[in-house]
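All of the numbers you see were taken from the coordinates with simple rules; none came from a lab. In this text, all values refer to a predicted model and were calculated from it rather than measured experimentally. Reconstructed Cβ throughout: ideal geometry from the backbone, glycine too, with neighbour counts over all protein chains shown.
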2 protein chains.
Amino acid sequence: MEAVLTAAVALLDEAGESALTFRALAARLGTGVGTIYWYVSNKDELFDRATDHAIGGILTAVEGQPGSDDPIADLRVMAVTLFDAIVDRPWLTAYFMRNTDVQGHSLRLYEKIGQQTLRLDLTPRQRFHAVSAIVGVVVGTAADLGAEIPQELLDGHVDREEFLGRYAATWRSLDAAEFPFVHQIADEFAGHDDREQFLAALELTLAGLRLQAGT
Amino acid sequence: MEAVLTAAVALLDEAGESALTFRALAARLGTGVGTIYWYVSNKDELFDRATDHAIGGILTAVEGQPGSDDPIADLRVMAVTLFDAIVDRPWLTAYFMRNTDVQGHSLRLYEKIGQQTLRLDLTPRQRFHAVSAIVGVVVGTAADLGAEIPQELLDGHVDREEFLGRYAATWRSLDAAEFPFVHQIADEFAGHDDREQFLAALELTLAGLRLQAGT
DNA sequence: ACGATTATCGAACGAGGTTCGATGATAGAA
DNA sequence: TTCTATCATCGAACCTCGTTCGATAATCGT
C-alpha cells in the first residue's frame, strides 16, 4: 500500500496527472494491474489516496513553522506554504477542487489553519468563512497560474519572457477605447510574477479579515 | 460550426463534462465523428470553443447590469453574476482553471471587470492584481463548492441536510483538544449555505481592495 | 491437513480520442 | 460544358485507459 502510494506520487511528479495510469503504475511496481485494484477500488480512490499522502508532507511543513504572536501573520505563512506546495505539484489542485471528502490529512490542514482564526475576535461563522476564503484564494490562484505552461516547459527554448510578451503585444494591439483596462494592464502582465500576484490577492483577503477582527 | 458549439453546450448542460464526447456530439448532430474534427482539431479546442460560447452569455448578462456610482459595488455585482453562472454550469470551472488562452469572450469579461478598477485610485499593477484576485475568489470558491454533490443529486433521497449533517457528526466526534477548530465549526458547516460562504469570501477581498484604494 | 482469508496476476471488454483514406459537393477556370 | 482544386462529410480502425473476473498462489488459524 505504502509502496503503491509512493510510486503513484512519483508518477504524478514526473509527468503530471495524465501519467498516473494503472498500467504505468503496475509496470513501475513490477506487478499486475489487478493487484492495484486489490488495494484501491477505482482510480478516484487511487488519486485521492496518493494526494492525501502528498498533503501529509505539506502538513508537516506547516506544522514545522515557528508561529508568531500575530495570528494573521501565521495565516499568511501557512497560505504561502500551501501555495508553494501546490505550485510545485500542480496535480494537487484537482484534489482540492474535487474533494468533498474532508478528512485525513486535509482535515488536519484545515484544522491547523482554523486554529489561527481561534486567536482572532470572530464569530464561529466568521472563522468558518475565513478559512474557506483563504483556502479558496490559495487554490484558485495556484490553479489559475499553474495552467500557464503549454510549450514553454516542453520546448524549453521559448522562455517565459517571450511567452508573456506575446500576449502583452496582442493586448496592446487592441482598440484602446474599447479595451482601456487590458491596454493599461499589458505592461504589468508582461513582467508579472505569479507568486507576487498570489501574495497580492492573499493580502487583500487578509486585510479584510484583519478589518473584520477589529485588530 | 455554430450548431456544433450549441450542441456541445447542450450536452454539457444535460449531463456534465463527461457527456461531451465526439460520438455523442456526432449522434446529436446526425453526422460522423470525422466531421467534427474538420471544425475542431482536438477535444481541448472543442471544449474551449464551447465554453467560450457559453461565456458569451455571461458577458451579455454582466454588460446588461445597470452600474452604480460605487465601483466596488459594481465589482460585487459582476462577481456574483459570474459566480451564479459557474454554479449553474459547473463545467465552466475547468475552463477558467486550465485556460491560459486569454482572449475571446473571457478577455472581454476581464476587461469589463477591470474597467471598474479604473475608477479606483490604484496603480496599474494594483488593478491587475485586484482583477486576478476577484476572479480567483469566484472561481476558487465556485469550484470548491460545486464539487460537494456525489450521490445527493443522483439518488435524490439523501438531501443536503442529512449530507452535511453526517460530516458535522463525524467532526464533532473528533477529539476536542486536538481539533478545537473543526469542533467549533461543525455546527456552522451543518447549516451552511454555499452562496453565503462565497459572499463572505468576496466581501473580504473587496474590503481589502476598498482599503487599498483609500476610499 | 485443510478450509479460509489474503494477495497476485493479466487477458478481455467497453468507452473514448484520434487518424486516415475514400467519397461526395461546389465552384471557379478553361 | 468539363475539369480540377478546395470544401466537407463520413465511419471503420487503432490505441490507450479504466475496470472486471476467474484462476492461482501464499499464509494462517484450527
With contacts defined as alpha carbon pairs under 8 Å and 6 or more residues apart, what's the relative contact order of segment A:67-213 in percent? 29 percent
Which of A:Ala50, A:Ala61, A:Ala143 moves most in a GNM of chain A, Cα contacts under 10 Å? A:Ala61
Go through A:81-94, A:27-40, B:125-138 and give me the packing order, highest mean Cβ count within 10 Å leading. B:125-138, A:81-94, A:27-40
Rounded, prolate or oblate, given the Cα gyration tensor of segment B:67-213, with a/c below 1.5 counting as rounded? prolate
What net charge is computed for the residues neighbouring A:Glu111, neighbours being all others with C-beta under 15 Å from the C-beta of A:Glu111, Lys and Arg scored +1, Asp and Glu -1? -1
For A:Gly16, inter-copy label distances in nm, listed shortest first [label point 7 Å out on the Cα-Cβ vector]: 2.3
Sort shortest first the distances from A:Val77 to its counterpart in every other copy, using label points 7 Å along the Cα-to-beta-carbon line, and give them in nm. 4.4
What dipole magnitude, in Debye to the nearest 20, does the protein assembly as shown give about its Cα centre under +1 on Lys/Arg Cβ and -1 on Asp/Glu Cβ? 240 debye
7 Å along Cα→Cβ for the label point: how many nanometres lie between B:Leu211 and each equivalent label in the other copies, listed shortest first? 0.7
For chains A and B related by rotation, which residue of A has the Cβ nearest the axis, and what is the rounded distance in Å? A:Gly140, 1
Could you go through segment B:47-52 in sequence order and give the Karplus-derived ³J(HN,Hα) for each residue, using 6.51 cos²θ - 1.76 cosθ + 1.60 with θ = phi - 60°, rounded to whole Hz, and x for Gly and Pro? 5, 4, 5, 4, 5, 4
Using Cα-Cα distances under 8 Å and only pairs 6 or more residues apart, what relative contact order does segment B:83-146 have, in percent? 55 percent
Give me the inter-chain shielding for B:206-213: mean count of other chain Cβ atoms within 10 Å, whole number please. 5
Net charge of Cβ neighbours under 10 Å - reference B:Phe83; Lys, Arg +1; Asp, Glu -1: -2
Let me know the mean shielding of A:111-117 by other chains, meaning the per-residue number of their Cβ atoms within 10 Å of its Cβ. 4
As I understand it, the dipole of segment A:67-213 uses +1 on the Cβ of Lys and Arg and -1 on the Cβ of Asp and Glu, about the Cα centre. Which of A:Phe163, A:Ile113, A:Phe96 lies farthest toward its positive end? A:Ile113
Max mean-square fluctuation residue, GNM over chain A, Cα-Cα springs under 10 Å, options A:Arg76, A:Arg166, A:Arg195: A:Arg166
Percentage relative contact order, segment B:1-144, counting C-alpha pairs under 8 Å, at least six apart: 24 percent
For segment B:152-215 and segment A:88-126, write down the distance between their C-alpha centroids in whole Å. 11 Å
Rounded to 0.05, the calculated FRET efficiency for the beta carbons of B:Ala3 and A:Ser68 at R₀ = 51 Å is 0.30
Report the Rg/Rh value for the protein assembly as shown, based on alpha-carbon coordinates and the Kirkwood definition of Rh. 0.96
